[in-house]
Every structure is written in C-alpha cells, then in structure tokens.
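For reference, the structure discussed in these notes is given below.
Each reported figure results from applying straightforward, stated rules to the coordinates on display, with no laboratory input. None of the values given here were measured: they were computed from a predicted structure. Glycine also receives a Cβ, built like all others from the backbone with ideal geometry; neighbour counts cover every protein chain displayed.
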Amino acid sequence: MAVLDFDWLWDALPGSFQTPIAQNLLAVLGLLVLARAALLPVLRALRGIFSFFLRPGKNLKRLGEWAVVTGATDGIGEAYAHELARKGLNIVLISRTQAKLDKTAGEIAAKHKVNTQTIAFDFSQLNASTAGPLRARLANLDVGVLVNNVGVSYDHPAFFTELSEAKLLDLIQLNITSTTLITQMILPGMVERKRGAIVNVSSYSGMRPTPLLTVYSAAKGYVDYFSRALELEYSSKGISIQSVTPLLVVSKLSKVRAALTIPTPTAFARQAVATIGHDSRTLGYWAHALQSWAISLLPEDMSDKLLMNHHLSIRSRALKRANAKKGE
Ligand SMILES: NC(=O)c1ccc[n+]([C@@H]2O[C@H](COP(=O)([O-])OP(=O)(O)OC[C@H]3O[C@@H](n4cnc5c(N)ncnc54)[C@H](OP(=O)(O)O)[C@@H]3O)[C@@H](O)[C@H]2O)c1
C-alpha cells in the first residue's frame, strides 16, 4: 500500500515508537535521505569533470614496451594505436588488410617515433587451428597494454530473423571469440610480469538490451561482463581490465557525422586512454557519460520504446535506400 501522508505513517508506527526522540530521529533520517538525493548528482558531475578533464593519465610505459591493438587500421582502434604511441609505447597492429596495416604503421612510426609490427589476420577465421600462428607472433613480447577493439555491428538495425547465418557468426566471432582468445594469449605474460592493462571495447548497447541490434547488444554485453569479472580476478595481481562502453563515435561502422555528442575517434581515444588504470568501467568520453546519465533519468520502459522506435525508423530508411538502389 502506498504511504499517503506522514500522519498515516506516524499512526501506523507501534505506540512505543511514537516519542519525541523517535520523531526527531525520523526527521533527521528524512533530511539525510533528501541531502543524499540532492548531493549524488552533484558528486557524479564533479567526478565526471575530474576524471575526463583534470585527472592525469597513468604512465603506461611502465606497464611494458608494447601495446597490441586489434582492428587497428580504422576508427577507434586506429585512434587508440596513435594515442598509445603518443604515450611512448611501441605498437603491434592487428587487422585484416596488409596494405592498410602498412599505411597505419608507417604513419604511427613517423609521427610518434616508436617501433611498430603488423599482423594481418582475419578474426572471422579465428579458431583452434588458426590461433596457433597468431599466438606465436605475440609470444615473448613485453605487452603492457592490450586493446581488444575489433568488432562488428549490423549494417543497419534489423529484426533477428532478418540476419543471415554468416552475419550471426561474424557478430559472435568478431565481438566475443576474438576478445576472449586474444586475452587468453596475452594475459598469462602479464600475470608473470605482474603488470599490464587490458582494454575491451564493448558498447553502450552492451549495457542495456538494445532492440533491432539484439545480437550486437548481447555480444557487447558479454564483453562487458567478461571484462568486469576478469577485473575482479586479476586486479589484485597488478593487472587492470577495463570495459569501455561508448555511444556513437564517427567511423565506418557507425556511419555518423561528428557532433557535440559524437566525437571523432581521435577525440574519443584521447579521453578514453587517459582512463586506463583508473576506471574499470567507463563510457570513455565526457559527452557519452552525460548522455548516459540523461537517459538513466527516463523510466526504463519509456527509453526502451524510444530506442525501438528510433531503430525502426533507421531500419525503414535503410530498406528504402536499398530498394531504390535495386530499382536503379
Ligand atoms: N563507432 C561507434 O560508434 C562505436 C560505438 C560503440 C562501440 N564501438 C565498438 O568499437 C570498436 C571499433 O569500432 P569502429 O567503429 O572503430 O570500427 P571500424 O571503423 O569499422 O574499424 C574496424 C577495424 O577492424 C578491422 N576489422 C574489421 N573486420 C575485421 C576482421 N574480420 N578481421 C580483422 N580485422 C577486422 C578493420 O580492418 P580492415 O579494414 O582491414 O578490415 C578496421 O581496422 C568495435 O568493437 C565497435 O563495436 C563502436
């Protein structure tokens, strides 16, 4: 039953509680609850300002000589590779296309004066037999930072039954299998050296069920839980594991243009890298933290409906474009 007014609540209390002392204690308790409700958003905002704008990043070179970045030739991964090289780490770039790897590695070496290595590997082919050569290439490297960035999303929002078997397998391979197996290749060395940081790029879609991106959302949810549980296992061994859950960032995958709330990969990586070793779970960028907070103020069923309608409208525009192309 809902509490309608204070008198009703007071009368409902057993007689032995209806004393002036109890009344004062309840008043103080009420004030504390109100103060907490008013102070929490202020503290959260101050913490956000401190962590995204004022707190100095950790000295990542102390974790090891090399950083390994997957999906390193475009978008967020390429920006992480540049930012980590700017911090003085040598970079191992892993992606699918050798020509793009050569170009990115050359740019990083020239700009930041660090060493680079490239590994051309198609993560959709990662399995027990293809993992061996990759593991051998990464063995004996003093890896201080691993960024599990490679990932794939839908071409546009779609119902689960509209996805092909190949697309489903890609979503699982590139988001889940690659993150898990590369971690298994690199973490043992970090444990031996008692230092290191692993950054797993999840997504805001992994923090909440996201309709019409269902498999992407579930796969990124795996990445988020994987990272958080691993952090609980290994933080006491000198290794930090971070789950990064961005909203939209400009890239080929997101197909969106830059805006106040949509950073370029470079702007995103600049702030996200500064959180490594500080935060075990981060949205990575100040405007994303603000957006996530604003969304959290809405009742959940309302934000679920808004998200569904938003994705339905993107889906119908994408289908119209595809049909128009077919008719050309
Ligand atoms: N962009 C966003 O708005 C956003 C938001 C939240 C989370 N994320 C996550 O951030 C990560 C990076 O996204 P992004 O937008 O930067 O992606 P992107 O611009 O599409 O870059 C993808 C990178 O991954 C490589 N890659 C793709 N398929 C591969 C494969 N099968 N094997 C090996 N490498 C492959 C690409 O190299 P090649 O060109 O050689 O294939 C490229 O270097 C993903 O995990 C994504 O889910 C992105």
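Lys252 passes every criterion in (1) within 11 Å of the ligand (Cβ to nearest atom); (2) among the basic types (Lys, Arg); (3) over 16 Å from the mean Cα position of the chain (by Cα); (4) more than 21 Å from His82 (Cβ to Cβ) apart from (4). For Ser251, the test of being under 16 Å from Ala79 (Cβ atoms), surrounded by fewer than 21 Cβ atoms within 10 Å (Cβ to Cβ) and in contact (Cβ under 8 Å) with a residue 12 or more places away in the chain is passed. Meeting the requirement of 2 or more residues that are of a type in the set (D, E, K, R) and in contact with a helix residue (DSSP H, G or I) (Cβ under 8 Å, 6 or more places away or on another chain), the helices (runs of 4 or more DSSP H) wholly within segment 201-301 are 214-234.
All of (1) touching a residue at least 40 places away in the same chain (Cβ under 8 Å); (2) in contact with a Lys or Arg (Cβ under 9 Å, 6 or more places away or on another chain) hold for Leu138 with one exception: (2).
With respect to the conditions (1) within 16 Å of the ligand (Cβ to nearest atom); (2) within 30 Å of Pro188 (Cα to Cα); (3) surrounded by 13 or more Cβ atoms within 10 Å (Cβ to Cβ), Glu107 lacks only one, and its number is (2).
Kindly indicate whether Gly88 is in contact (Cβ under 8 Å) with a residue 12 or more places away in the chain, more than 21 Å from the chain's Cα centre (by Cα), more than 8 Å from the ligand (Cβ to nearest atom) and assigned to a loop (DSSP other than H, G, I, E, B). Yes; evaluated as a whole, the condition is true for this residue.
What do you reckon, is Leu171 within 21 Å of Val199 (Cα to Cα), away from the ligand (no atom under 11 Å from the Cβ) and hydrophobic (A, V, I, L, M, F, W, C)? Against the criterion (within 21 Å of Val199 (Cα to Cα), away from the ligand (no atom under 11 Å from the Cβ) and hydrophobic (A, V, I, L, M, F, W, C)), Leu171 does not qualify. Considering only segment 62-71, I want to know if a residue exists there that is under 21 Å from Gln271 (Cβ atoms) and more than 16 Å from the ligand (Cβ to nearest atom). The answer is yes, given that some residue of segment 62-71 is under 21 Å from Gln271 (Cβ atoms) and more than 16 Å from the ligand (Cβ to nearest atom).
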